[in-house]
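For reference, the structure is listed below as structure tokens.
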Amino acid sequence: MDDEVLIAQDLKKHFVIGYESLMNRRPITVKAVDGVSFRVRRGETLGLVGESGSGKSTIAYMTVGMVQPSGGTLLFRGQDLFANGLKRALPLRKEIQIVFQDPGSSLNPRRTIQQILELPLRIHAPGKDLGQEVVRLLDLVDLPPEYMHKYPQMLSGGEKQIVAIARALATNPSLVILDEPTSALDVSVQGKIINLLIRLQREFDLTYLFITHDLSLMRNVASRVAIMYLGRICEVADAAEFFQFPQHPYTQMLLSSIPVVSEAEEAVKPKKIISTGEIPSPVNLPKGCSFHTRCPQVMDICKHVDPILVGTSAGHTARCHLFEQPVEVTAQGWPT
Ligand code: SF4
């Protein structure tokens, strides 16, 4: 338990997007996150992977307090982040930071890099020498001190994201949410950002929740991988096990279409799987398994009965009827 930085238990976020009609005021609801449980251990990188609309970014926004859950709990080092609604204790807020996908819109264009980096320090580290701290932060991310006088629009996309990472480190967080931190950048700078994140994690014992749609990126970055589909987790495993023995048909479909660079990776890559059906509307999810409209292994039961998350081997869980003799799982969704 001491080892677990973040625990989500049956986490839900349902958005009301309208009403059926003027007469019938029954709400139309999108279940962006619908009963998600996971744990992030200290010092690890949990890759939360899914297509657009899977609910992964909503989990990120709930974790940093931008969105309040509709149900369930989020525990940060044993403390309920929403015990007081959205107004969490300041000490907790400074421990969890986020790096957004688009550094261009997350940095204020009217402020210098110095002003941008000073802002969290003024709030969370009053009394420190701000100038010195800014130089220290720039040094941490390998940017020269003169960058403090520049404005964001004078920097490249990669440099802006590096400044966003430095800002996230300003409060000495223990958990950093990385919300697609490289997907808005050129391929040539993605590797540089990833290497920087890995180095910072080692140096500062950081824990990462890495949100991405890019499963191939997780092969060399994640300690564990969780796959999301339409608001729910459908498979979780240690990264090595995950890439060698993917179990859920959706995971196999994703893995079958990602590029590999070595013969060893090619040997364990599932054969190309073509999805047959359409992605269901999140407003009107199908009965049974929500993946059944696209699943190449669909069975009759899948159209009627919603599968539960079951343990398939140590540390490996999947939500699928194909696993006939499920290992018992706790109410939070992990094997007993
Ligand atoms: Fe496919 Fe059925 Fe498993 Fe869903 S429960 S992933 S439809 S086999």
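So how many residues does the stretch 2-55 have that are out of contact with any Phe, Trp or Tyr (no Cβ under 8 Å at 6 or more places or on another chain), assigned to a strand (DSSP E or B) and without any contact (Cβ under 8 Å) to a residue 24 or more places away in the chain?
Number of matching residues: 4.
Residue check: is T112 touching a residue at least 60 places away in the same chain (Cβ under 8 Å) and either polar (S, T, N, Q) or closer than 28 Å to T212 by Cβ (or both)? Steps first, answer last, please.
On the way: touching a residue at least 60 places away in the same chain (Cβ under 8 Å): no; either polar (S, T, N, Q) or closer than 28 Å to T212 by Cβ (or both): yes.
Spelling it out, it is not the case that T112 is touching a residue at least 60 places away in the same chain (Cβ under 8 Å) and either polar (S, T, N, Q) or closer than 28 Å to T212 by Cβ (or both).
Among E278, E235, which is within 15 Å of the ligand (Cβ to nearest atom), assigned to a loop (DSSP other than H, G, I, E, B) and of a type in the set (D, E)?
E278
Just give me the residues in the stretch 145-201 being among the polar types (S, T, N, Q) and either assigned to a helix (DSSP H, G or I) or over 30 Å from R39 (Cα atoms) (or both), in sequence order.
Q153, S156, Q161, S188, Q190, N195, Q201
Scan T58, T63, T45, T73 and give me the residue that is surrounded by fewer than 20 Cβ atoms within 10 Å (Cβ to Cβ), of a type in the set (V, I, T) and either under 12 Å from the mean Cα position of the chain (by Cα) or modelled with pLDDT of 90 or more (or both). It would help to see each step written out before you state the result.
On the way: T58 fails: surrounded by fewer than 20 Cβ atoms within 10 Å (Cβ to Cβ); T63 fails: surrounded by fewer than 20 Cβ atoms within 10 Å (Cβ to Cβ); T45 fails: surrounded by fewer than 20 Cβ atoms within 10 Å (Cβ to Cβ).
After applying the criteria, what remains is T73.
Residues are listed down the side, and each one gets a yes or a no for (1) more than 16 Å from the ligand (Cβ to nearest atom); (2) crowded, with 19+ Cβ neighbours inside 10 Å:
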residue: D186; (1), (2): yes, no
residue: Q190; (1), (2): yes, no
residue: I194; (1), (2): yes, no
residue: A222; (1), (2): yes, yes
residue: G231; (1), (2): no, yes
residue: Q244; (1), (2): yes, no
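Looking for something in contact with a strand residue (DSSP E or B) (Cβ under 9 Å, 6 or more places away or on another chain) and either closer than 29 Å to V30 by Cβ or within 14 Å of the ligand (Cβ to nearest atom) (or both) - is there at least one such residue anywhere in the stretch 292-302?
In the first step, residues of the stretch 292-302 are kept if they are in contact with a strand residue (DSSP E or B) (Cβ under 9 Å, 6 or more places away or on another chain); the result is none.
No, the conditions are met nowhere in the stretch 292-302.
Checking the condition β-branched (V, I, T) and in contact with a Gly (Cβ under 6 Å, 6 or more places away or on another chain), which residue from V49, V40, V33, V99 passes?
One residue alone meets the criteria, V33.
The values are calculated or read from the model by the stated rules, or taken from the named source; none is laboratory data. From a predicted model like this one, the values you see are computed outputs, not experimental measurements. Quick reminder, even Gly has a Cβ in these numbers, built from the backbone with ideal geometry, and neighbours come from all protein chains shown.
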